[in-house]
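We did not get these values from a lab; they are worked out from the coordinates using the rules stated. Source: prediction; values computed, not measured. No Cβ is skipped: glycine too gets one built from the backbone with ideal geometry, and neighbour counts run over all protein chains shown.
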Amino acid sequence: MADLINDDFRALYQDVIELVLEHGRQVAPRGQHTLELPAATLRLTGLSEGRAAMPLGIGRKAHPGIGAVEALQLIAGEQHPELMRRIAPNFGRFMDGGAFHGSYGERLRGQLEAAVLRLKSDAYSRQAVLQIWDPARDLYVEGLRDYPCTIFLQLLLRDGALELHAHMRSNDVWWGLAYDAFQFTQLQHTLARVLGVPTGDYFHHAASLHLYARDQEAAAELLREWPIEDELPVVMGVGGIDLEAARYRAREALRGRLIPDEHAGLTWLHAQVDRHQQ
């Protein structure tokens, strides 16, 4: 069990890697040797400043385009598998029938509106839950390549700000966490703006936070001191007068068209996507 807190995602990411490497237990799901840290909770504060929750500038070589497309898909309620393959061809290994079975954007389609209405009717509601893992589609269906790692997201309005709690059944520190925190906090920023409140803290709860053996050497390299010269980009989701307007902007950005909003976040997201349009 571990609890980590920081206002800079880069430092939080390095802390996570150190903890898994030092205290992870040896497991081998599907025969793949892995270090696993159980029951981990990460808390990212300072989101009102808008610094992107991505491990940039510390040797991880995270791809901003992956984070941008995943965030826009989540907000838009869509999936764009060919765009993901253009950014990173390895995504093709996780497709079933040319698409992603566990697409978060498609699974949340329609739920965002209901969650916003629930919070507007009761600011202290604990019922704004966005379900991703679906037993009928996931637990009872074997042999697929893309089972969702996230069980659900929960939105809480506390102290006048919007918190987001991500509950993960499984979370690969190297390939999952590096982009999950970014896409979920971009959704959090977007919904906070729809609700007209500041963005609160982000909580990341993982039953299994882990590193595969093949990534452990590269992950250990991130623990040395890196000369961080650039500030993290300020990216605060997608704006609009309501949720549908924000979703429309996200959908258009995925198609290469920028419909500016009042913040710089969408411009940054669009720029990452636009580099990979055909």
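For a paramagnetic label modelled at 7 Å from the Cα of residue 255 toward its Cβ, which residues of region 59-98 fall within the zone defined by backbone nitrogen distances under 14 Å?
76-80
With point charges of +1 on the Cβ of Lys and Arg and -1 on the Cβ of Asp and Glu, referenced to the Cα centre of the chain, which listed residue (143, 189, 2) lies farthest in the positive direction of the dipole?
143
Lys and Arg at +1, Asp and Glu at -1: add these up for the other residues within a Cβ distance under 9 Å of residue 44 and post the number.
Here the charged neighbours net out to -2.
Could you tell me the relative contact order of region 36-153? Use alpha-carbon pairs under 8 Å, at least six residues apart, and round to a whole percent.
21
Alpha carbon centre of region 1-27 versus region 47-104: separation in Å?
After rounding, the separation between the Cα centres reads 22 Å.
Can you give me the angle between helix 64-76 and the longest principal axis of the chain, using Cα atoms only, in degrees from 0 to 90, rounded to the nearest 10?
In the chain, helix 64-76 runs at an angle near 50 degrees to the longest axis.
What's the Cα-based Rg to Rh of region 102-144, Rh via Kirkwood?
Ratio of gyration radius to Kirkwood radius for region 102-144: 1.12.
How charged is the neighbourhood of residue 83? Take every other residue with its Cβ under 14 Å from the Cβ of residue 83, and add Lys/Arg as +1 and Asp/Glu as -1.
+1
For residue 212, what is the net charge nearby, where nearby means another residue's Cβ is under 12 Å from its Cβ and Lys, Arg count +1, Asp, Glu -1?
After counting each charged neighbour, the total is -2.
Only Cα pairs under 8 Å and at least 6 apart count here; give the relative contact order of region 1-83 as a rounded whole percent.
32
Using just the Cα positions, wrap the chain in a convex hull and report its mean projected area in square nanometres, one decimal place.
14.2
What percent do you get for the relative contact order of region 2-274 when only Cα pairs under 8 Å and 6+ apart count?
With pairs under 8 Å counted, the relative contact order is 26 percent.
Measure nothing but the geometry: give the 0 to 90° angle between the long axis through the Cα atoms of 9-23 and the longest principal axis through the Cα atoms of the chain, rounded to 10°.
30
On full extension of the chain, what length is gained from residue 245 through residue 88, given 0.36 nm per residue of separation minus the C-alpha to C-alpha distance?
53.6 nm
What whole number of Å gives the distance from the Cα centroid of region 171-197 to the Cα centroid of region 210-250?
So the two Cα centres are separated by 9 Å.
Between helix 111-121 and the chain, what is the angle of the helix's C-alpha long axis to the longest principal axis, kept within 0 to 90° and rounded to the nearest 10?
60
Would you mind classifying region 119-278 by shape? Square roots of the alpha carbon gyration tensor eigenvalues, ordered a ≥ b ≥ c; an a/c under 1.5 is rounded, otherwise it is prolate if a/b is larger than b/c and oblate if not.
Taking the square roots of the gyration eigenvalues as a ≥ b ≥ c, region 119-278 is rounded.
At 7 Å along the Cα-to-beta-carbon direction for both residue 121 and residue 144, put a label point, then send me their distance in nm to one decimal.
Computed distance between label sites residue 121 and residue 144 equals 3.0 nm.
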